[in-house]
1. With r defined as the distance between the Cβ atoms of residue B:282 and residue B:237 and R0 fixed at 25 Å, what FRET efficiency is calculated, to the nearest 0.05?
2. Roughly how many nanometres apart are two label points built 7 Å out from the Cα toward the Cβ at residue B:87 and residue A:430?
3. Which length gain, in nm to one decimal place, applies between residue C:414 and residue C:325 when the Cα-Cα distance is subtracted from 0.36 nm times their residue separation?
4. With θ set to phi - 60°, apply the Karplus curve 6.51 cos²θ - 1.76 cosθ + 1.60 along region C:88-104 and write out the HN-Hα couplings as whole Hz, x wherever there is a Gly or Pro.
5. Taking a probe of 1.4 angstrom, what is the accessible area of residue B:221 in Å², to the nearest 10?
6. Once you place label points 7 Å from the Cα toward the Cβ at residue A:293 and residue C:129, how far apart are they in nm?
7. Taking θ as phi - 60°, what are the ³J(HN,Hα) couplings along region B:104-114 by the Karplus curve (6.51, -1.76, 1.60), each to the nearest whole Hz, with x for Gly and Pro?
8. Which residue fluctuates the most in chain B, going by a Gaussian network model with Cα springs under 10 Å, if the choices are B:73, B:82, B:44?
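The values are calculated or read from the model by the stated rules, or taken from the named source; none is laboratory data. Model, not experiment: these values are computed from the prediction. Cβ sites come from the backbone with ideal geometry, for glycine too, and all protein chains shown count toward neighbours. What goes into the accessible areas is simple: the full protein's heavy atoms, side chains included, and nothing from ligands, DNA or RNA. Shrake-Rupley method; radii C 1.70, N 1.55, O 1.52, S 1.80 Å.
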Amino acid sequence: MLTALYRLCWKEWRQSWYLLLAALLLPPLALRLSLTLTPDQLHNWEPLKLTMVLFTMGLIARSALVVFPAGTRQTYAEVHLPISPMLHQFLLFVGQALIATCAGMSFGGWAAQQTGAPPAAEMMLVGVVHFLAILFVTLAVARAVFPTAGLVVGMLWAFIGTNSSFYYLSFFAPSVVGEGRPADPLSGVYYWYLPVCLTAALLAYSFHLGHKLSLPRRGIAMGGLAVVLVGALFPKMLLNTFEHQNKYEWYFQSLTADDGSVVVEAGGVIPAVKPPYTLEMTDLRAGHSVTYSWNEPVVGVGMPTRTAVILLGQPTDAHYLHLYRWEMAGNVVRLLGDIPASPNIIRNLWQSSCTDSTCDHHSHGRYTFLHLPSLGHSREEIFDWWLIDSVTPRIQLIKPETYMSQSHITWLPDRIVLTGYNPKVIHLPDGAVSDWALPGEKGGAK
Amino acid sequence: MSSEYAIETRELTKRFGRRTVVDHLSLQVPRGSIFAFLGRNGAGKTTTIRLLLDLLDRNSGDARVLGLDAVTGARDIRRQVGYVAQDTDLYDWMTVEEHLWFCRGFHAAWDETLVRELQRKLDLPDKQKIRQLSRGKQAQLALLLAMAYRPELLILDEPTAGLDVVVRREFLEEVIELIQQEGRTIFFSSHLVHEVERIADWVGIMDNGKLSYCAPLEALKSSVRRLVCAFDGTPPALAGIPGVLQQEVIGKSLIFTVQDYSPELLASVQQLAPRQVEVEPLWLEDIFVAMVGGERG
Amino acid sequence: MIPRLLWKEWQERRHWFLLWSLSLVALSMVGEGQYCTENYKEPTNWMMIPILLALLAGLQGYSSELTGNRAAFLYMRGVIWKQVLAVKILLGLGVAILTAVLTTAISVLAMPAVYHPFMTMKTAAFSALFVVLFTGGPYLLGLCCSVVLPGIFGSIGTLMLYYGGIMFIGMLIPKTLQITEPIFSFIGAVLGILAAMVVIVRFGLTLAWSQRLARFAAISLVGIGIGYITDFTIARVYPHAIAKPFSREVALSPSGRYALISETEDGQHHRYTFVVMKNDKRLPIEKADSSAPPSWTTNDDLVQSTYHGTYDNTLQLFRYVDGHLLQHQLNNSPIDAQCRLSPSPDGKLLLADVHNDLLVIDPPSGSVRTVANLDVHPHSTKRMRTTTYYAIHYWWQDNHTIGYEQTNPSRRIFVKVE
């Protein structure tokens, strides 16, 4: 047994020694470079990043080609030698796992230095786990359930996985976890999800070697493991799906009147996880305050007058947003109308809604301009522009599926001018949107 | 299933999609025989062999090799069975010496003396890389590897395909010489029937996934005859003559091949009133063509 | 003959075509595909899947012909190279067009009802056109790369070599020679690879792979080289014809009567211009400090920091009076122009919070007075340790009084402004 094991190890070494050496060079090389260069240099030096990605992809591809013959061919050992198939495959994977480990360590260390956060050791661990998952899940699954095309499928996933690894490790913090939450590289998904992938892949492969699944069952197994694989490569999608089931902690970004004399802030228990969601409006000049409670989470839009505030609210899973106007005089809340919206979109609005001037209002307090996440797409930088006339009242979509590249808003009696990149003007009261330019320039302004 | 057979299958079936490649095969290969497994291209020979060696999963039926189940006993079977495939799957990056050393570690019964003797006889240099050997030499090395641990059963799947005549003949002679000395079983598939005839003592013929014939070679050759009947006029239709494998009319002569030839059959033919009847024995190749390629009566 | 060739191509690669098409359809059905209400938008990240599949379909374009002797087999049937190439191109583009039409229709149907007024035939047509470009383009690129090395991995290898080559060429060029708008370099790269494909298909399918690779590399490089030389020449001979990279922002004053233009050239040189909207009069602002963005007061005064040397920047107030831009220095020590400037009810004074000091600014005279320190009790003159007496709100109580709120304990404090 030991003799047989030794001979198999010898074969693996002789076949792939140059690849193993190349892989072993990766971590020290990547770490040396990452220590020598600054994070800015690392981030911006495209040839180096490209070289790393291409080299690693080539390494994984070549090593897989060495140990897994193309098409339906089987190796001499698989056909002739009286050894356990699991032992043979295990040894093949050990060699590949070494390469995957080295690649993961180097990528993790590189990404840690490039982004400057979290510690390099944690990032390297994440990198190793990610690469091993890709290796086992993709190559093992492909080989087990799709033997005739296993190599092509496996290679494709290896390429995709390498790129996704680089992407995720380079932008780990914001890409794995949803907005507004701090990134913890050792949290949830990497603790339980990737080990599940590894275990599932190994079980599938063992079962295949022992029982040789027939085609219908192979198809079912492939479908199930493909779902697992997609989840492994796209943890954010998974987290976003689960996040809707999680508690929503409501925070309220306080609003201040233009002259600073009135403040609207969250009252009651903060953060709130269930109704009531209470706000307090304080007139500092008069020394007087009022409170109001809602049954749904609300975010502030702006203050059209000194003692009035515009708010958005959304019940859980509702396909609309409520638009409210809260007047301090009499502590009255008026529902201006509903705006079609994606369910639970309000959870993404609390942080961004009023941190810039584009959530401003008309000086006479009649109009409100909103840019909300696009109804038709989930892409983060695509918005729908809404114009609300609180007197009529009318809620009007004036420009769908567009960027919000303008950084400055000016409210004029008959129009709203959005300047910055790609300036626009919104004509009042009809809400027509057109290009804006300075006088004397094409499309000259008035 | 009995252990007097080196290979035994019962209703063994393998399908690829809708096509049945091995169709309820029930085969018995006696121990100590040289069994020729014949069939046309695509008859199912290689698939059968791969099923026996657990290189393919079967759809139904049983298969036993040296008394062991082909699936559960696969590892033990490989210790006692030598296999030479049509496409050599040797590690071409190894040298001859390295490959021999590598394989030696897996077989307790490895006979180094035999290996050295064969290596010298086949003129396989130690230091040469396998990818640099000719096809014939690679085939000989594959045979050497298969015989090095003195297997009970040697399975050869068209091992001489693509080799020239001289190499093919040498190959077969080596096989016979070595294995026959020790009374081991050889099971080999080929579509080069004329070569098989020189060495085989049992024959099995596959046709469209089914076993159409299985018996000792001599029995086959003695039971199949070609009859050439000359008539004065137009030859009549063959009626009431059993076991006609093939027939053709050339001028006034009716030529047909029959299985299970007997004096009674000759008497039946005489009743057709031919002017002259000649009975000819056939080579195995002709028998094979008649059985799998001819028009049946 | 063409129908037979089409049939052959379809049989060989139909799985990839169908995957490409179906993935795009699936994206459209879930709203992650194209945009039909705007003329142009960058594709979503999910679009990478059909783009990749289209690329893969193209990468297998000539895989069949390069395997074994199939190229010779095909040409021995009396087929000419143009027919083979045309069929491969047309099939891919046909799939792209049909898919684009289908996905556009699906996107329109799946679109939220409120979007319908913003969708026209023109926007839908452009949307379909961009889908064709975003998938047909990669298909053609893959087809070009498929003529060099056999098999899908050979094609992928060729693509990676091509891509890597372009990246390295682009990055190793010295910065002084870099062209800001490499339009012709891009055109040259595209035409070069197309020309390489045509030449190899015409003359080289039966050559050894090394010879094909050499020709491919040479012709591609020639294309890129010609494009680069063209860009370089234009940049040197007609420097003004190519726009230099710069960013430009305009901020209107609250009444709309004035505007401030902030321009940055090459990420380094900054320029500020005061514009009178009525007559387009443009007045430059000298030595504006780009690290402190300007701000407008509610009565159309511009507050901008100016730079005079290291650690020597001052806050200036600009006011347009009678055709002239008057400038008042507001302070002698550095002030962040981003601080919120709150005018008094009569507009005569400004209130600002700078480093927890409440300042009152008198624009006509330029005087700046500290009226309160928000760290400590207002009657104390000494700075104490950082306390929990941290004020977060301040306002004008009236024209002569400011108020600010301290927390813990919460109380309002009023200070008279002399």
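1. Efficiency, from the Cβ-Cβ distance: 0.65.
2. Distance between the two pseudo-spin positions: 7.3 nm.
3. Taking 0.36 nm per residue and subtracting the Cα distance, the gain is 28.5 nm.
4. So the J values, rounded to whole Hz, are 5, 5, 5, 5, x, 5, x, 4, 4, 5, 4, 5, 4, 4, 5, 5, 5.
5. Residue B:221 has an accessible surface of roughly 50 Å² with all protein chains in place.
6. Label at residue A:293, label at residue C:129, 5.8 nm between them.
7. Taking θ as phi minus 60°, the curve returns 4, x, 10, 10, 5, 8, 4, 10, 5, 5, 4 Hz for region B:104-114.
8. Looking only at B:73, B:82, B:44, the biggest GNM fluctuation is shown by B:73.
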